[in-house]
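Novice: Here's a structure for you.
Derivation of every value follows stated rules applied to the coordinates shown; laboratory data play no part. None of these values were measured; they are calculated from a predicted model. Reconstructed Cβ throughout: ideal geometry from the backbone, glycine too, with neighbour counts over all protein chains shown.
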């Protein structure tokens with residue numbers, strides 16, 4: 001969709017807008033612990049489905065996503081293991097590298113966060 005002066009505009013609608021809103025959501029790692037939480041999680045999943053938009057990337061394409069403004073994911077696929085499967089490189093931009101020190105080895109910039117299942 002074209003905006004004014006040739007700039008690209010997204011056709012996706014925000015679920016809500018607020019400069020201070022933050023959403024941490026991971027469909028695969030989140031489990032509701034109460035009936036009310038289950039209802040809220042289902043409502044969130046339905047709202048996300050309403051504004052879902054797929055993006056097909058071609059070889060050499062780069063997609064940058066602001067995790068503070070975008071709920072995003074990747075579609076499933078069946079790997080062929082022939083050297084032509086999709087390759088995802090993850091990268092982060094942070095304002096303060098010191099905040100991630102607990103998840104990094106001394107002198108490294110690689111964040112090695114360990115996730116644990118909550119039972």
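Novice: I want to check the label-to-label distance for residue 113 and residue 80. Put each point 7 Å from Cα in the C-beta direction and report it in nm to one decimal.
Specialist: Distance between the two pseudo-spin positions: 3.3 nm.
Novice: Between residue 37 and residue 90, what length comes free when the chain is fully extended (0.36 nm per residue of separation minus the Cα-Cα distance, one decimal in nm)?
Specialist: 16.0 nm
Novice: Still on this model: In nanometres, what is the gap between the two model label sites at residue 49 and residue 24, each 7 Å from Cα along Cα-to-Cβ?
Specialist: Placing both labels 7 Å beyond Cα along the Cβ direction yields 2.6 nm.
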